[in-house]
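A short worksheet on the structure shown next.
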Amino acid sequence: MRANPKIGKLVVIGVGLIGGSFALALKKAKAVKYVTGVGRTRKNLTAALKMRIIDEASTDAAQAVVDADLVLLAMPVGQMPEVMARIAPHLPPHAVVTDGGSTKQDVVAYARRFLGAHFPRFVPAHPIAGTEHSGAAAAFADLYRGKNVIITPQPETTARAQQLVRVAWQRCGARIVRLAAQEHDAIFAAVSHLPHVVAFALVNALARRTDAKKLFGFSAGGLRDTVRIAGSSPEMWRDICAANRNELLAVLDDFEDELETVRSAIESGDGAALEHLFEHARTARNKWLKRD
């Protein structure tokens with residue numbers, strides 16, 4: 001395979017931030033000839049056409065993939081089994097399928113079950129990039145520049161499929177990192193899924209108070225910075241929490257233990273303990289940001 005192959009036809013199923021940005025980045029790199037976008041709502045697909053993210057819009061995934069070279073599954077992970085089952089009978093023998101889901105063990109299991117003979121040409125992937133915005137209007141070509149994309153290929157995954165997906169993400173400006181699916185899910189339960197759950201829970205805790213209007217009226221940068229990601233898609237995060245339940249519950253246990261330690265120090269008026277906890281956290285944060 002050439003170092004920089006050009007994709008003849010890309011099919012993006014789910015033309016939102018992730019799928020739309022992938023298409024825009026490949027177009028900017030002149031790495032794709034034609035893009036078909038598949039979605040549930042005409043409004044979003046019309047926006048994608050106007051932004052020239054896609055060249056053609058469709059609401060029929062099965063019909064869209066019949067002559068695809070590369071298919072990106074960019075919908076919430078909870079929708080993947082149905083979509084995989086729908087497209088499998090219509091995929092051409094050469095087509096490579098990949099995804100952008102935030103969990104990997106469940107997606108691999110779905111693909112193994114529903115893609116059938118096409119499974120060796122499925123490359124599970126997760127771009128570590130995003131914003132709190134969603135939909136085609138949120139997409140932009142440089143989203144993946146300098147960002148990591150995790151791939152979790154399986155023993156059956158063909159070298160050709162891996163190479164095509166690697167090169168496609170590299171043409172988007174991303175770096176490729178390979179992990180086992182279980183390791184991926186454990187890591188991102190801690191560094192991504194837990195922070196989103198905490199942000200949603202914090203906003204709900206404040207919003208349910210009788211003085212919520214006053215609280216939000218006086219809020220400033222601290223609260224906004226902490227809960228920015230609570231603006232993310234509820235549907236997507238519902239599916240992620242369900243898919244990565246066991247790993248997420250484990251890190252929630254650790255977080256609850258840490259909160260209980262802080263609560264105990266506050267209850268007992270132990271200023272030294274609080275300062276020690278906060279200093280430890282600040283040092284760890286600064287060391288992490290310095291590495292970045």
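I'd like to know if the range 201-224 contains one or more residues that are in contact with a Ser or Thr (Cβ under 8 Å, 6 or more places away or on another chain) and modelled with pLDDT of 95 or more. Checking the range 201-224: at least one residue is in contact with a Ser or Thr (Cβ under 8 Å, 6 or more places away or on another chain) and modelled with pLDDT of 95 or more.
Using the structure shown, decide if Ala74 is outside the structural domain of Met236 (by TED's automatic domain parsing), over 20 Å from the mean Cα position of the chain (by Cα) and among the small types (Gly, Ala, Ser). Can you show your working first?
Numbers: outside the structural domain of Met236 (by TED's automatic domain parsing): yes; over 20 Å from the mean Cα position of the chain (by Cα): no; among the small types (Gly, Ala, Ser): yes.
Judged against the criteria, Ala74 is not a match.
Any chance the range 214-227 includes a residue that's surrounded by 15 or more Cβ atoms within 10 Å (Cβ to Cβ) and either within 20 Å of Gly100 (Cα to Cα) or touching a residue at least 40 places away in the same chain (Cβ under 8 Å) (or both)?
no
Take Val11 and decide whether it is closer than 26 Å to Ala88 by Cα, crowded, with 24+ Cβ neighbours inside 10 Å and without any contact (Cβ under 8 Å) to a residue 40 or more places away in the chain. I'd like the intermediate steps shown before the answer.
On the way: closer than 26 Å to Ala88 by Cα: yes; crowded, with 24+ Cβ neighbours inside 10 Å: yes; without any contact (Cβ under 8 Å) to a residue 40 or more places away in the chain: no.
Criteria not met by Val11.
Residues in the range 226-262 that are assigned to a helix (DSSP H, G or I) and either touching a Gly at 6+ places or on another chain (Cβ under 6 Å) or small (Gly, Ala, Ser) (or both): Ala230, Gly231, Asp239, Ala242, Ala243, Ala250. Screening the candidates Ala265, Ala243, Ala250 for the property of being under 18 Å from the mean Cα position of the chain (by Cα) and not assigned by TED's automatic domain parsing to the domain that holds Glu132 yields one hit, Ala243. Taking the range 121-225 as the region of interest, the helices (runs of 4 or more DSSP H) fully inside it that hold 3 or more residues being more than 30 Å from Gly37 (Cβ to Cβ) are 181-188, 194-207, 212-218. Just so you know, in the range 89-108 the residues that are part of a helix (DSSP H, G or I) and surrounded by 14 or more Cβ atoms within 10 Å (Cβ to Cβ) include one that is nearest to the chain's Cα centre (by Cα), and it is Val107. Got at least one residue in the range 54-71 being at pLDDT 95 or above, more than 17 Å from Val97 (Cβ to Cβ) and outside any loop (DSSP other than H, G, I, E, B)? Within the range 54-71, one or more residues are at pLDDT 95 or above, more than 17 Å from Val97 (Cβ to Cβ) and outside any loop (DSSP other than H, G, I, E, B).
The requirement of being within 22 Å of the chain's Cα centre (by Cα) and in a strand (DSSP E or B) is satisfied by Gly37.
Return yes when Leu164 is buried (at least 16 other Cβ atoms within 10 Å of the Cβ) and closer than 13 Å to Val96 by Cα and no when it is not. It is true that Leu164 is buried (at least 16 other Cβ atoms within 10 Å of the Cβ) and closer than 13 Å to Val96 by Cα. Given the structure, is His196 touching a Phe, Trp or Tyr at 6+ places or on another chain (Cβ under 6 Å) and within 30 Å of Gln154 (Cβ to Cβ)? Against the criterion (touching a Phe, Trp or Tyr at 6+ places or on another chain (Cβ under 6 Å) and within 30 Å of Gln154 (Cβ to Cβ)), His196 qualifies.
The values are calculated or read from the model by the stated rules, or taken from the named source; none is laboratory data. A quick note: this is a predicted structure, and the numbers were derived from the prediction, not measured. Neighbour counts are summed over all protein chains in view; Cβ atoms, including those assigned to glycine, are modelled from backbone coordinates with ideal geometry.
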